[in-house]
Amino acid sequence: MASKVTKIAEQAKTKKAAVTAAKIKPEITKSKSGILTLPGMTTDSMRVLVIGTAPLIVHKFSAKQEQILLEKHMGEATPGGREIKDPQANFEAARYHLSDNSDGIPAVSFKKSIVAMCGKDAGIFKNKAGAIRVIADDLSTGLCRILIPDGQPTIHQEIVRNANGMPDIRHRPQYWPWACLLQISFIERYAAPARILQVIETAGYMQGVAEKRPGKSDHQNGTFRLANADEIAAFERDELFDTVTALAAAE
């Protein structure tokens, strides 16, 4: 009797191993001309609404700055002396725009923030962080759309010191309050949805995105959190910032 039970157990184990092997090693197909291929890799996706917990400040290199940098690298002469500041022009030049002219932030900013928090403690190893992607709302620009109440940022003015120690004044677009609806693509066997959500929440608190973020400075800008159920419901009714403002006032 014992040997029969053992035999059944071994058969079940063999069957399970075969099923597992089939999942890991999908069937290879071969064309008439001898080209080999595998079935496409299976990925999953989810949408995540994040709410800003501090003002978001972005800085896109303007076309003028890119040209000056290119001329320096090419050894071409550039005009000397301090340039007269145009706050409005500098502010506009630092904005990221999607193809529909709405404001955005590079999807890679969120990706980097998430990857920075991956590790053994997070349950997603660093070498598997590539299994998570933040898909841009506009693939041609690589940007995620910034959601703001009135559709327009304000001018953030700051005095800084250049590399030579001389003071300078900067004008950047600032968004507050703000939110982003992120489209996340992932391979579940490397990054489970619950783990991804936990990493996003931690990244929002410890890393942030864009300029003056805690992950790259002593400042606290660009931080965010996952939206709660009430905020998600408000977003679906197109009343997100009414709810966010009410919750902030109640705290």
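Pairing each residue of region 219-237 that is closer than 20 Å to MET206 by Cβ with any residue that is outside any helix (DSSP H, G or I) and among the hydroxyl-bearing types (Ser, Thr, Tyr), provided the two are 6+ apart or on different chains, yields C-beta distances under 7 Å for THR223/THR53; PHE224/THR53; ARG225/THR53. Test LYS60 against the stated conditions and say whether it is modelled with pLDDT of 75 or more and either surrounded by 12 or more Cβ atoms within 10 Å (Cβ to Cβ) or part of a loop (DSSP other than H, G, I, E, B) (or both). Yes: the conditions hold for LYS60. For first residues located in region 88-100 and free of Cβ contacts under 8 Å to residues at least 60 places away in the same chain, partners that are loosely packed, with under 14 Cβ neighbours inside 10 Å and charged (D, E, K, R) and lie 6+ apart or on another chain with Cβ distances below 9 Å form the pairs ALA93/LYS64.
Please tell me if ILE169 is among the aliphatic types (A, V, I, L, M), loosely packed, with under 14 Cβ neighbours inside 10 Å and either over 14 Å from the mean Cα position of the chain (by Cα) or not in a loop (DSSP other than H, G, I, E, B) (or both). Judged against the criteria, ILE169 is a match.
Do we have LEU143 as free of Cβ contacts under 8 Å to residues at least 12 places away in the same chain and of a type outside the set (Lys, Arg) here?
Working: free of Cβ contacts under 8 Å to residues at least 12 places away in the same chain: no; of a type outside the set (Lys, Arg): yes.
So LEU143 does not fit the description; no.
Among the residues making up region 128-166, those that are β-branched (Val, Ile, Thr), surrounded by 15 or more Cβ atoms within 10 Å (Cβ to Cβ) and more than 13 Å from the chain's Cα centre (by Cα) are THR141, ILE148.
Residues that are crowded, with 19+ Cβ neighbours inside 10 Å and touching a Ser or Thr at 6+ places or on another chain (Cβ under 8 Å) within region 225-234 comprise GLU231, ALA234, listed in sequence order.
Let's see how each residue does on (1) touching a strand residue (DSSP E or B) at 6+ places or on another chain (Cβ under 6 Å); (2) farther than 26 Å from THR43 by Cα; (3) at pLDDT 95 or above:
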residue: TYR175; (1), (2), (3): yes, yes, yes
residue: TRP178; (1), (2), (3): yes, yes, yes
residue: SER185; (1), (2), (3): yes, no, yes
residue: ALA192; (1), (2), (3): no, no, no
residue: GLU201; (1), (2), (3): yes, no, yes
residue: VAL209; (1), (2), (3): no, no, yes
residue: ARG213; (1), (2), (3): no, yes, yes
residue: LYS216; (1), (2), (3): no, yes, no
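Here region 192-224 is the region considered, the condition is being of a type in the set (Gly, Ala, Ser) and assigned to a loop (DSSP other than H, G, I, E, B), and the residue that is surrounded by the fewest Cβ atoms within 10 Å (Cβ to Cβ) is SER217.
Does PHE186 count as among the hydrophobic types (A, V, I, L, M, F, W, C) and in contact with a Pro (Cβ under 8 Å, 6 or more places away or on another chain)?
It is true that PHE186 is among the hydrophobic types (A, V, I, L, M, F, W, C) and in contact with a Pro (Cβ under 8 Å, 6 or more places away or on another chain).
The values are calculated or read from the model by the stated rules, or taken from the named source; none is laboratory data. Values in this document were obtained by computation on a predicted structure and should not be read as measured data. With ideal geometry, Cβ positions are generated from the backbone for all residues, glycine too; neighbour counts draw on all protein chains shown.
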